[in-house]
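The values are calculated or read from the model by the stated rules, or taken from the named source; none is laboratory data. Small disclaimer: the values here were computed from a predicted structure and weren't measured. For neighbour counting, all protein chains shown are included, and Cβ atoms are generated from backbone atoms with ideal geometry for every residue, glycine included. These accessible areas exclude ligands, DNA and RNA; they are computed on the full protein's heavy atoms, side chains included. Shrake-Rupley method; radii C 1.70, N 1.55, O 1.52, S 1.80 Å.
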Amino acid sequence: MNTFGRLFRVHIFGESHGKAVGVTIDGCPAGIPLSPTDFEADLARRKSGAKGTTPRKESDKPELMTGIFEGKTTGAPLTILFRNENVQSKDYSNLKNSPRPGHADFVAQQKFGGFADYRGGGHFSGRLTLPLTAAGVVAKKVCEKLKIQARLVETGGDSDIESAIDRAIEQNQSIGGIVECRIANLPVGLGEPFFDSVESLLSHVVFAIPAIKGIEFGAGFQAARMTGAEHNDNIVSTEGKTETNHAGGINGGITNGNELVFRVAVKPTSSVSTAQNTMNLQKGEVEALKIEGRHDRCIALRVPPVLEAATAIVLADLMLLEQKARRVIT
């Protein structure tokens, strides 16, 4: 559904061209200082405007609607709202009968009986990463001792990001990318074996970010080409520090005290200027589709702050669960 987490529960809502998008966080601890200015840095990193991003510009001003009093969280559900102010819905008027290749248009209309909001992708839009990023700002305050940092390391198969973007613009095409996330200062012991492993939970929320198509931890797929002796990380301290970090900071689904490292694959933006073929559902015929509207050349450029947010949400939930477990034990 639209909710993630056990103690730190995040619920996102809204549509790309609806009145607003937003998030409600249930289980946010009381007493956390919070103001609209706290969101500025991460929201600015997610915003469009840089070369290779969509020309659609929104103010993205967070409105703290509930769960806040005199500048601090109250412990009640915290709701953050963002108004949609710059929409051009006419660009999507033909999509109800002619779903875009690579998008959720077709499956959304099928699943919801033709009632889904197709404008700008509706509830499936990357616009919903805005409230997700806002939830991450709050989550980072919950786990403020952790250092969570994501960066774009490759676009279009090239580590030279700017050159790859220039080529995409020149060729009038979109490209994907790889984003790496690193988390320092993690304690040993977060996560559970099997279904609630750290990898399982991170993968769960990461795949809620539109355009994510793959994830790997530590050595990732390269591990399949290594021997056991090569892949194993020799332990060199009583705190669990290791010589290498092929495991990516996780053993048995539980954090081992080393830096947590993972990477995600971001697909090329599906909306491209090149005409593509699709099925006209009203006519029952294949036809050429020219996609209008404002779109990113490389959506991966805007993924790092969203990935940090998703990571912080998982870790905040895990740390609150760990604190609860320790209170029960003592």
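How many percent of Cα pairs in the stretch 165-220 exceed 16 Å?
Numbers: 929 of 1540 pairs.
Every Cα pair in the stretch 165-220 considered, those over 16 Å come to 60 percent.
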Practice problem: For the stretch 150-245, state which chymotrypsin sites (Phe, Trp or Tyr not before Pro) are in a DSSP loop and have at most 15 other beta carbons lying within 10 Å of their beta carbon. | Solution: F207
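Nothing charged except the Cβ atoms of Lys and Arg (+1) and of Asp and Glu (-1): what's the magnitude of the dipole of the stretch 187-302 about its Cα centre? Round to the nearest 20 debye. Mind showing how you got there, number by number?
Numbers: 10 positive and 13 negative charges, 129 e Å.
Dipole size: approximately 620 debye.
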Quiz item: Which pairs, out of K72/K140; K141/K267; K47/K72, put more than 19 Å between their alpha-carbon atoms?
Solution: K141/K267; K47/K72
Quiz item: According to the square roots a ≥ b ≥ c of the eigenvalues of the Cα gyration tensor, what is the shape class of the stretch 189-252, taking rounded for a/c under 1.5, prolate for a/b larger than b/c otherwise, and oblate for the remainder?
Solution: oblate
Exercise. Could you look at the stretch 1-57 and say what percent of its accessible area is carbon and sulfur, using a 1.4 Å probe and all protein chains?
Key: 57
Practice problem: Determine the sum of side-chain charges near N277: Lys and Arg each +1, Asp and Glu each -1, restricted to other residues whose C-beta is under 15 angstrom from that of N277. | Solution: 0
Quiz item: Based on the Cα atoms of the stretch 83-151, what semi-axes does the equivalent ellipsoid have, where each is the square root of 5 times one gyration tensor eigenvalue, given in whole Å with the largest first?
Solution: 33, 13, 11
Practice problem: Report, in deg cm²/dmol and to the nearest 500, the calculated mean residue ellipticity at 222 nm for the chain, where each DSSP H run with n ≥ 4 adds -39500 (n - 2.57) and the sum is divided by the residue count. | Solution: -7500 deg cm²/dmol
Quiz prompt | Accessible area per residue, Å², the chain with all protein chains present, probe 1.4 Å | solution = 50
Quiz prompt | Cα-centred dipole magnitude for the stretch 95-228, charges only on beta-carbon of K, R (+1) and D, E (-1), debye, nearest 20 | solution = 420
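Translational diffusion coefficient of the stretch 101-258 at 4 °C, 1.567 mPa s, Stokes-Einstein with Kirkwood Rh over Cα pairs, in µm²/s as a whole number. Write down the numbers at each step before the final one.
Details: Rh = 18.8 Å.
Roughly 69 µm²/s, to the nearest whole number.
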Quiz prompt | Translational D in µm²/s for the stretch 9-86 (Stokes-Einstein at 4 °C, 1.567 mPa s, Kirkwood Rh from C-alpha pairs) | solution = 95
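Let's see if you can work this out: charge +1 on each Lys and Arg Cβ, -1 on each Asp and Glu Cβ, no other charges. What is the dipole magnitude of the stretch 140-213 about its Cα centre, in debye to the nearest 20? Could the numbers behind the result be given before it?
On the way: 8 positive and 11 negative charges, 82 e Å.
It comes to approximately 400 debye.
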Self-check item: Choice from M65, M226, M319 with maximal GNM fluctuation in the chain (Cα, 10 Å cutoff)
Solution: M226
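Could you tell me what percent of the accessible area of the stretch 242-323 is made up of carbon and sulfur, with a 1.4 Å probe and every protein chain present? Show your work: numbers first, answer last.
Numbers: 1480 of 3010 Å².
Using a 1.4 Å probe with all protein chains present, the stretch 242-323 comes out at 49 percent carbon and sulfur.
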Practice problem: Show which lysines lie in cross-link reach of K96 when reach means a straight Cα distance below 21 angstrom and same-chain residues fewer than eight apart are skipped. | Solution: K19, K111, K283, K290
Quiz prompt | Peptide ranges 132-140, 168-176 listed from the most packed, as the mean C-beta count within 10 angstrom indicates | solution = 132-140, 168-176
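Give me the orientation-averaged projected area of the Cα convex hull of the chain, in nm², one decimal. Mind dumping the intermediate values first?
On the way: hull surface 76.8 nm².
Average projection, Cα convex hull of the chain: 19.2 nm².
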Quiz item: Under 18 Å from the Cα of K147, which lysines turn up, not counting those fewer than eight places away in the same chain?
Solution: K241
